[in-house]
Amino acid sequence: MKKNLETRCCPECGESLIGRSDKIYCTDHCRNQHNNKLNSDQNNMMRTINNILRKNRRLLDQLLVDEISKSTKQNLAELGLNFNYYTQTTIDRKGIVYYSCYDIAYALVERDMVLIMHRNSMIERIGHKKTATNLALVS
């Protein structure tokens, strides 16, 4: 039986590896650190998008006082709604686009008027579920 005389090292901290021949990291901490570094760009982007979506949903929820509430697009923008980020779109038979942020939807109607409602109310209102999923669209 040949012994490998090469000393294997942990790719994260450089410590010598002792134990199994297929061992890659010296500890779970080093393994986690290494994988976190590899995925940090993607994780940061996803974290940023999720924060925007949560903020949009929270804002819409605060404005939704009745089954259907109204606001102006300008008011929503001033409050911080980012119109470029939503989780789903639904188009009714009249061509009105409903933008959903998780379970709350809004539609731009008339000039500056926005209707806000729960997705269930929106589906009942338009009578069908023709949807297109668009996660976090950025203009």
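None of the figures in this text is laboratory data; all of them are computed from the coordinates on show. Small disclaimer: the values here were computed from a predicted structure and weren't measured. So basically every Cβ, Gly included, is an ideal-geometry build from the backbone, and we count neighbours across all protein chains shown.
Comparing mean-square fluctuations of S71, S16, S121 from a GNM of the chain with C-alpha springs under 10 Å, the top value falls on S16. Out of every Cα-Cα pair that the range 28-132 contains, those further apart than 24 angstrom amount to 33 percent. Of V65, V109, the sequence from fewest to most neighbouring Cβ atoms within 10 angstrom is V65, V109. Applying 0.36 nm per residue to the separation of I24 and N120 and subtracting their alpha-carbon distance, the gain on full extension is 29.6 nm. Lysine pair count for the chain (Cα-Cα distance under 30 Å; residues 8 or more apart in sequence or on different chains): 17.
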